[in-house]
Structures are given as structure tokens and as C-alpha cells.
Amino acid sequence: MPTINRIIVTHTTSDVSDANTDAVFELEIERRNGQVWELLKNPDFPNLPYNEREKGRTDKYSFDFSNDPINWTSQTDMRIKMRMISSNDAWLPKSIFVIGITSLGSTPPAIVLGAHLSWPSTDWFDRGSNAVGPPGRKISGFSGFS
Ligand SMILES: [Ca+2]
Ligand SMILES: [Ca+2]
């Protein structure tokens, strides 16, 4: 199984009304232990030098785990979530891709951890009392190939 030194997340925000947000997000990497999902890492998404998650715009994030690489055991026993941790300003993506970069010289050099070509238009991220969706959603795995 691959050892992952870096994770790249690329997402595009939907064009629909209020899809944009200025909220802060974290990445959550979890491993299944029996019936329980254990949190391994939860780094904040880095701040990019412009206004992120605006309508129709694509944002790219890189998470460096080279000091403590991730042993990616399988797609069924590992998962990656994205969680809104500030604001009540809902966000709706229209695509999300998650790439794992393995250690230098290893084969394969990268693996696709998540591919959501058409993120479901109902699957908002949100927080607060009138939230239109949960703050955290799984972004690993595969969906929406149409
Ligand atoms: Ca919004
Ligand atoms: Ca924004």
C-alpha cells in the first residue's frame, strides 16, 4: 500500500446563488478501527493569496505530510473529509479532486484518492442553526462521472 507524503485538493465552486463562502475549512484524514473512525490528522486548509471559494473559481491546496507520512491502507478503511470550521456562510462546490503524492521514486508516483467530477448540487457544506448541510463531508471516493 502506498505511503503518502502530500495531498493535493483541487475544487471548483458552483455558480449557483450563495455557493461562494469565506469560511475556513480543515482536512480530516481518518482510519477505520473496527466500527470506529479514528482521526489521524486534521490540518487547516492553507490560506491562498486571493479570495478563495468564489463562484466558478478553482482553488488548489497542498498539504505536506512528509514529516509523518500517511500509510494509505485502502479506500474502504481510510477516508478524507473536508469540514467547515468557521462562519455560517454555506459553500457548494461543483467538483472536488483529491490526489495523494507518494514518496519520491516509488510506484505509482501519485494515486487518485477522490474524484467528484459533478459534486451533487444538494451537498452543501454549512454550519449554524439554519444550516443547509452538515459542516463535514467525505471527499475521498468517486462519484459524479456524468
Ligand atoms: Ca455562501
Ligand atoms: Ca471567498
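What follows is calculated from the coordinates using simple rules that are stated; it is not laboratory data. Keep in mind that what you see is a predicted model, and the values were worked out from it rather than measured. Glycine also receives a Cβ, built like all others from the backbone with ideal geometry; neighbour counts cover every protein chain displayed.
Distances between placed amide hydrogens fall under 5 Å for Thr102 paired with Asn5, Ala110, Ile111, all partners being 5 or more residues away or on another chain. For the range 36-88, go through all pairs of different Cα atoms, get the mean of 1/r, take its inverse, and jot down that Kirkwood value in Å. Hydrodynamic radius (Kirkwood, Cα only) of the range 36-88 equals 14.0 Å. Using a ≥ b ≥ c from the Cα gyration tensor of the range 100-146 (square roots of the eigenvalues), is it rounded, prolate or oblate, where a/c under 1.5 gives rounded and otherwise the larger of a/b and b/c decides, a/b for prolate? It comes out oblate by the Cα gyration axes. Please report the antiparallel percentage of DSSP beta bridges with both residues in the chain, rounded to the nearest 5. The antiparallel proportion sits near 95 percent.
A Gaussian network model of the chain, with springs between Cα atoms under 10 Å, assigns the largest mean-square fluctuation among Arg53, Arg32, Arg127 to Arg32.
Pick from Pro49, Pro135, Pro93: which residue has the top mean-square fluctuation in a GNM of the chain where Cα pairs under 10 Å get a spring? Judging by the Gaussian network model, the answer is Pro49. At R0 = 25 Å, how high is the FRET efficiency between Leu40 and Ser121 if r is their beta carbon distance? Nearest 0.05 is fine. With R0 = 25 Å, the Cβ-Cβ based efficiency is 0.25.
Converting phi to 3J(HN,Hα) with the Karplus coefficients 6.51, -1.76 and 1.60 and the offset θ = phi - 60°, the range 51-64 yields 6, 7, 6, 9, 4, x, 9, 9, 10, 10, 10, 10, 10, 9 Hz in sequence order, with x at every glycine or proline. Here is the list for the range 1-61: GluC sites (Glu not before Pro) lying in DSSP coil, each with at most 16 other C-beta atoms within 10 angstrom of its C-beta, are Glu54. Loop by DSSP (not H, G, I, E, B), at most 15 other beta-carbon atoms within 10 Å: where is the longest site-free stretch of the chain for chymotrypsin sites (Phe, Trp or Tyr not before Pro)? Value returned for the longest uninterrupted segment is 51-144. A Gaussian network model of the chain, with springs between Cα atoms under 10 Å, assigns the largest mean-square fluctuation among Val132, Val24, Val36 to Val36.
With the simple spin-label model, which puts each label point 7 Å out from Cα in the Cβ direction, the Lys55 to Thr10 separation comes to 2.4 nm.
Summarising the amide proton neighbourhood of Phe25: residues at separation of 5 or more, or on other chains, whose placed amide H is nearer than 5 Å comprise Phe45, Ile85. Computed over the chain, the P(r) curve from all C-alpha pair distances, binned at 5 Å from the origin, holds 2, 10, 19, 23, 20, 14, 8, 3, 1, 0 percent per bin.
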